[in-house]
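The values are calculated or read from the model by the stated rules, or taken from the named source; none is laboratory data. Given the structure is predicted, the values throughout are model-derived calculations rather than measurements. Note that each Cβ is placed from the backbone with ideal geometry, even for glycine, and that neighbours are counted across all protein chains shown. These accessible areas exclude ligands, DNA and RNA; they are computed on the full protein's heavy atoms, side chains included. Shrake-Rupley method; radii C 1.70, N 1.55, O 1.52, S 1.80 Å.
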Amino acid sequence: MSSSTALSARGSRLAALVVGLCWLAVLFDGLDMFIYGSVLPHMLEQKALGITPGQAGDLGSYATFGMLVGALTAGTVADRIGRKKLMVTCITLFSLASGLCALAPTVTVFGLGRTLAGVGLGGLLPTAISMVTDYAPRGRGALTIGALMTAHHAGGILSAYVALWVVEPLGWRAAFWVCVVPLLFAPVFAKLMPESLSFLVAKGRAAEARELADRYQVELPEAPGHAAPADRWNALTNLFRGGEWIQTLLYWVASFGGLLLVYGVATWLPTLMRGEGYNLGSALTFVVLFNLGGIVGMLIAGRASDRFGAPRISAIWFALTAAGVFLLSVHMPLALTFTVVFLAGVFLNSAQTMIYATVSIRSTPDNRATAVGWTSGIGRFGAVFGPWLGGQLLAAGHGDWGFTAFAVAGVSSMVFIGLAAVRTSKQAAHGSTPQELITSH
């Protein structure tokens, strides 16, 4: 075996290690995120903590507000201190916060726990995306991110089974104790996960980068052709320099509608379906199908995006999502409803993820976590609004309008990410460098 082949093999094993550890972290992220929606029908039925439908929507928004704070701050922090340290901190935070939810004596304390969990959840996801992008094989950035995000939906499936197997015999608090288990994973993650080589090189930490590269026998990435930002705000202002401000705003607005749709549906799908006459077990089947669709969709969208461009695929996926979510407001035979929920999961979840893929692949290593974090963070305003909107519609007796409202959000995201796709095509036609194009990595 030649030395270059040996380096490539070791590099592939290192990439597999990084993606595998990040996959497990995002699995726990998905479990913690979806567990509230999965146990919510039981909590409402049992009037746990005196919760009402309106309060339930507010509580769903508390977590997504925390995610907004986590995403907006984590990107900048990760670009300063490193991806690894921040991911360990986020795993620890959302695990401990779930313990607070399990112990909560009042709705207020429960809401505080969900808010703190949201900070950790919001910080983990963009940081994990940045990490796997750093190690993704050339030309496979979107597929690698899609594969990572299958973990989020595997966590959603796990949350449904936790609700089925744990909540009925032991109560809703037991489900949140299950979400404390990732705390045991944090030290393992800290020991095995390497820091991003690209991050170390971009920050001028050459000795650490060389030691890590020698340990795993991989090549060092090239240093960026510009100086590292002088302060943490430069990484943010870089998103608006030149013509970048247009693309940045398009991504932000598309992310707002996408996350309104994702978290609105994720929070209220079991409850809305139960309101249509399904029992708890059947309603949770929709959660499983929705997230199975998400896993399939991530792999299809990632492969297609590497070939045709992430924003183009995202726009098409959002259009199909809007149609599927709207159909859920129409009474259909059970088998057809199952099919529509699965297909909505295929397109909805990966549509939003391809926005992240677009931003991550377009960004430079020293700016990547900030770019993805702020795109995710601005989108979290939509994630806050989605659960609140569903709760208000349900409290007013208009729960069937929830699916229509979420479908409208999908159409808006289709428009804005579609405009971004058009601008990207124009950049390609005018000879933009490969680093500026989202179809290359």
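Below, the figures for the structure above:
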{"read-out": "Residue within region 95-103 that is surrounded by fewer than 24 Cβ atoms within 10 Å (Cβ to Cβ), in contact (Cβ under 8 Å) with a residue 40 or more places away in the chain, under 24 Å from V18 (Cβ atoms) and touching a Cys at 6+ places or on another chain (Cβ under 9 Å) present", "value": "yes"}
{"read-out": "Every pair of residues 6+ apart whose Cβ atoms lie under 7 Å, when the first sits in region 42-64 and is within 15 Å of W388 (Cβ to Cβ) while the second is part of a helix (DSSP H, G or I) and polar (S, T, N, Q)", "value": "G54/Q392; G57/Q392; G60/T267; Y62/T115; A63/T115"}
{"read-out": "Residue among T89, T133, T115 that is more than 22 Å from L184 (Cα to Cα) and of a type outside the set (D, E, K, R)", "value": "T133"}
{"read-out": "Test set (1) at pLDDT 75 or above; (2) farther than 23 Å from L250 by Cβ - A395 fails condition number", "value": "(1)"}
{"read-out": "Count - residues of region 224-255 that are crowded, with 24+ Cβ neighbours inside 10 Å and either modelled with pLDDT of 65 or more or under 20 Å from the mean Cα position of the chain (by Cα) (or both)", "value": "3"}
{"read-out": "Test: residue in region 43-66 that is out of contact with any Gly (no Cβ under 6 Å at 6 or more places or on another chain), within 30 Å of K203 (Cα to Cα), of a type outside the set (S, T, N, Q) and modelled with pLDDT of 80 or more", "value": "no"}
{"read-out": "Residue within region 417-424 that is part of a helix (DSSP H, G or I), of a type outside the set (S, T, Y), at pLDDT below 70 and open to solvent by 10 Å² or more (accessible area, probe 1.4 Å) present", "value": "yes"}
{"read-out": "Residue within region 343-365 that is over 19 Å from the mean Cα position of the chain (by Cα), surrounded by fewer than 24 Cβ atoms within 10 Å (Cβ to Cβ) and farther than 20 Å from G258 by Cα present", "value": "yes"}
{"read-out": "Single residue of T127, T150 found to be open to solvent by 10 Å² or more (accessible area, probe 1.4 Å), of a type in the set (S, T, N, Q), in contact with a Gly (Cβ under 8 Å, 6 or more places away or on another chain) and under 24 Å from A266 (Cα atoms)", "value": "T150"}
{"read-out": "Some residue of region 68-89 being touching a residue at least 60 places away in the same chain (Cβ under 8 Å), open to solvent by less than 40 Å² (accessible area, probe 1.4 Å) and β-branched (V, I, T)", "value": "yes"}
{"read-out": "For A163: the one exception among (1) at pLDDT 85 or above; (2) within 25 Å of V341 (Cβ to Cβ); (3) of a type in the set (A, V, I, L, M, F, W, C)", "value": "(1)"}
{"read-out": "Any hit, region 320-327, residues being without any contact (Cβ under 8 Å) to a residue 12 or more places away in the chain, open to solvent by 10 Å² or more (accessible area, probe 1.4 Å) and either of a type in the set (S, T, N, Q) or over 21 Å from G60 (Cβ atoms) (or both)", "value": "no"}
{"read-out": "Qualifying residue in region 154-161 (condition: farther than 30 Å from A48 by Cβ, out of contact with any Pro (no Cβ under 9 Å at 6 or more places or on another chain), open to solvent by less than 30 Å² (accessible area, probe 1.4 Å) and of a type in the set (V, I, T))", "value": "no"}
{"read-out": "Residue in region 41-65 that is nearest to S376 (Cα to Cα), counting only those that are within 25 Å of the chain's Cα centre (by Cα) and open to solvent by 40 Å² or more (accessible area, probe 1.4 Å)", "value": "F65"}
{"read-out": "Residue within region 66-80 that is under 20 Å from V178 (Cβ atoms) and touching a Ser or Thr at 6+ places or on another chain (Cβ under 6 Å) present", "value": "yes"}
{"read-out": "Condition broken by I378, with the remaining ones in (1) closer than 26 Å to T285 by Cβ; (2) of a type outside the set (D, E); (3) assigned to a helix (DSSP H, G or I) satisfied", "value": "(1)"}
{"read-out": "Residue among A142, A136 that is open to solvent by 10 Å² or more (accessible area, probe 1.4 Å), touching a residue at least 24 places away in the same chain (Cβ under 8 Å) and hydrophobic (A, V, I, L, M, F, W, C)", "value": "A136"}
